[in-house]
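Engineer: Encoded as structure tokens, here's the structure I'll be asking about.
The values are calculated or read from the model by the stated rules, or taken from the named source; none is laboratory data. Here the structure is a predicted model, which is why all the values come from computation and not from measurement. Counting neighbours? That spans all protein chains shown, and the Cβs are built from the backbone with ideal geometry, glycine included. Accessible surface is based on the protein model in full, side chains and every heavy atom, while ligands, DNA and RNA are left aside. Shrake-Rupley method; radii C 1.70, N 1.55, O 1.52, S 1.80 Å.
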Amino acid sequence: MTMTLTQQAITILMVVLGTLITRSLPFIVFPAGKPTPKYIQYLGKVLPSAVFGLLVVYCLRNTDIIGGSHGLPEFISIVFIIFLHLWKRNMLLSIAGGTICYMLLVQFVF
């Protein structure tokens, strides 16, 4: 099924509108001269850790500790992530390093 030119134009317009609204809404709701509400400051502090915790649960949900490698690549990668994060204190580096460690373990060791 293909879209007509009108449908394509409407789809592009809706995507552009959605992007503009989501990009400009925070500046409209929270102007520069007004203090940021306490609950928004609270969310700014707790959401990064909550998202990281959710990522850990999501990544480990299908780990089979009974069969195969018994979850050793996952455990080794988690230890590596903890070490890397305590050493460099950089979340992006920790996530990338852990992913690379896991992929190397799965491809070449287990």
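Engineer: Find all pairs meeting these conditions: Cβ atoms under 9 angstrom apart; at least six residues apart or on different chains; first residue within the stretch 36-58 and closer than 14 Å to P26 by Cβ; second residue open to solvent by 60 Å² or more (accessible area, probe 1.4 Å).
Structural biologist: Listed by first residue and then by second, the contacts come to T36/F30; P37/F30; I40/F30; G44/T36.
Engineer: What is the one condition in (1) under 19 Å from the mean Cα position of the chain (by Cα); (2) under 30 Å from M103 (Cβ atoms); (3) not hydrophobic (A, V, I, L, M, F, W, C) that D64 does not satisfy?
Structural biologist: (1)
Engineer: Which residue is nearest to V51 (Cα to Cα), if the candidates are limited to the stretch 64-102 and must be open to solvent by 90 Å² or more (accessible area, probe 1.4 Å) and in a helix (DSSP H, G or I)?
Structural biologist: The selected residue is L92.
Engineer: Checking P48 against (1) surrounded by 12 or more Cβ atoms within 10 Å (Cβ to Cβ); (2) in contact with a helix residue (DSSP H, G or I) (Cβ under 8 Å, 6 or more places away or on another chain): exactly one of these is not met. Which one?
Structural biologist: (1)
Engineer: Exactly one condition in (1) more than 27 Å from V109 (Cα to Cα); (2) modelled with pLDDT under 90; (3) open to solvent by less than 100 Å² (accessible area, probe 1.4 Å) is not met by L55; state its number.
Structural biologist: (1)
Engineer: Ok, one more. Do we have V15 as part of a helix (DSSP H, G or I) and either surrounded by fewer than 10 Cβ atoms within 10 Å (Cβ to Cβ) or of a type in the set (D, E, K, R) (or both) here?
Structural biologist: Considered against the rule, which asks whether it is part of a helix (DSSP H, G or I) and either surrounded by fewer than 10 Cβ atoms within 10 Å (Cβ to Cβ) or of a type in the set (D, E, K, R) (or both), V15 comes out as no.
Engineer: Now for a separate question. Name the residue that is farthest from F108 (Cα to Cα), counting only residues in the stretch 31-45 that are in a loop (DSSP other than H, G, I, E, B) and open to solvent by 100 Å² or more (accessible area, probe 1.4 Å).
Structural biologist: Going through the qualifying residues, I end up with K34.
Engineer: Separate question: Going by what's in this entry, would L20 be described as at pLDDT below 90 and part of a helix (DSSP H, G or I)?
Structural biologist: No, not satisfied.
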